[in-house]
């Protein structure tokens, strides 16, 4: 065989993958390993968990608006008189004031409820991100597996054609075949080596995608994928489950509820607000003055601002309703697409199995006939190529089937760590909310939250 002259960087990656990443490598990576790594290492999940915590704080801020507000004010003034006969004067004061909203026509109460709906919507958005992260991990894993299998088949093809070339050269030397047979085998060997290089390049790319999806490269060989998880027995059942469990639909439902509350909250903006006020002030001479009272604030004219706010709230409510209908439609489409892809992949697997069986019989026959002089070297090479194509198609169909099954689970809203039963601690979306929902000045649950984050492997 001719010496391989592929670039050193590509050869290094190929060697690492083919030898299990070094002598004495650890046990092979499984699909479950990839899913766990993706969940633990995902920056997207970390980002959206922070988005959820920010939404939790909206509830705390709405609760805080119902509580007294205290303010400290201090001032000092140094006055220099214009007439020299007068003395310079230093004056100062310090005061403490408080205000408590007594009645605001339900504005703050509705704001709390709207913030709570937004929190629930954001939690479901986080579930959808989790689904996307896990689906990307499945796709990346299957890409590496199929790339490895393709490299193996291409390497086997190079080895077989090299043997065919040597046999053709030996037969040419004794006059059994012509120079054309030898040249044909040489051309096919060059093409096979080119295809092998391309397959190794595809595997290098697949490894980079795997690293991006899971946070690390495979620590060992990639195992053959396990049997895909069970889904449903019918398309209608899958669609029914999707409509009730898909996180984007649940998110849109809570967004509608929040938008409805915002419309209700926009009405009291035109009404007044009653508040209790209190304060105490002390000047530089020690004289103090205290006050206690009630205040009523009623907007009379805002330049049309409040009316605009109400119309805006109505428009956003209509937007959220339409978004819910569109999301439900898109989810239904995703379920149908994944179901069709599963059926296509299954049909391709069945056809590929038959094709491989027939191609193997044809190759064996072509080799036998070639040994008797009834077939040419080209005939044998063509039969080998047909078998290789059938085997490669089967690898692709197997990878597509697995990905399609997980796409269906995602479309049904079931592609989560909990549903897959991966057996790892998961992020608790209520822990931070429970710690801050009553707007504490300092959360006593901070250490508990740290323990929750440590259990899922992220600080």
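All of the numbers you see were taken from the coordinates with simple rules; none came from a lab. Everything numeric here is computed off the predicted structure, so don't read it as measured data. FYI the Cβ positions are ideal-geometry reconstructions off the backbone, even for glycines, and counts take in every protein chain you see.
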Q.
Counting other beta carbons within 10 Å of each residue's own, what order do 308, 157 fall into, fewest first?
A. 308, 157
Q. In degrees between 0 and 90, to the nearest 10, how far off the longest principal axis of the chain does helix 377-412 point, with axes built from Cα atoms?
A. 20 degrees
Q: Determine Rg/Rh for segment 237-336; Rg is computed over alpha-carbon atoms and Rh is the Kirkwood hydrodynamic estimate from the same atoms.
A: 1.36
(Q) Nearest 10 degrees is fine. How inclined is helix 247-266 to the longest principal axis of the chain, computing both from alpha carbons? (A) 20 degrees
Q) Where does helix 446-455 land angle-wise versus the long Cα axis of the chain, in degrees 0 to 90, nearest 10? A) 0 degrees
**Q.** Cα shape, segment 165-226, gyration tensor, a/c 1.5 rule
**A.** prolate
Q. Quick one: which of 212-222, 414-424, 226-236 comes out on top by average Cβ neighbours within 10 Å, and what's the full order, highest first?
A. 212-222, 414-424, 226-236
Q | Added length on full extension, which subtracts the Cα-Cα distance from 0.36 nm per residue, residue 176 to residue 216 | A | 8.9 nm
Q: Please give the peptides 127-134, 406-413, 338-345, 274-281 ranked by average Cβ packing (other Cβ atoms within 10 Å per residue), highest first, as a rough proxy for protection.
A: 406-413, 127-134, 338-345, 274-281
Q. (i) -0.36, -0.75, -0.91, -1.09; (ii) -0.39, -0.74, -0.86, -0.98; (iii) -0.61, -0.92, -1.02, -1.12: which one is log10 I(q)/I(0) by the Debye sum over Cα atoms at q = 0.07, 0.10, 0.11, 0.12 Å⁻¹ as calculated from this entry?
A. (iii)
**Q.** Cα gyration tensor category, rounded, prolate or oblate, for segment 197-270 with a/c compared to 1.5
**A.** oblate
Q: Starting from the Cα of residue 96, step 7 Å along the direction of its Cβ; do the same at residue 371; then give the gap between the two resulting points in nm.
A: 10.4 nm
Q | Fully extended contour minus Cα-Cα distance, from residue 418 to residue 283, at 0.36 nm per residue | A | 42.2 nm
Q) Once a ≥ b ≥ c are taken as the square roots of the eigenvalues of the Cα gyration tensor of segment 112-213, is the result rounded (a/c under 1.5), prolate (a/b larger than b/c) or oblate (a/b not larger than b/c)? A) prolate
Q) What full-extension length gain, to one decimal in nm, is calculated for residue 77 and residue 438 as 0.36 nm per residue of separation minus the Cα-Cα distance? A) 125.9 nm
Q.
Taking the number of other C-beta atoms within 10 Å as the exposure measure, put 254, 103 in order starting with the fewest.
A. 103, 254
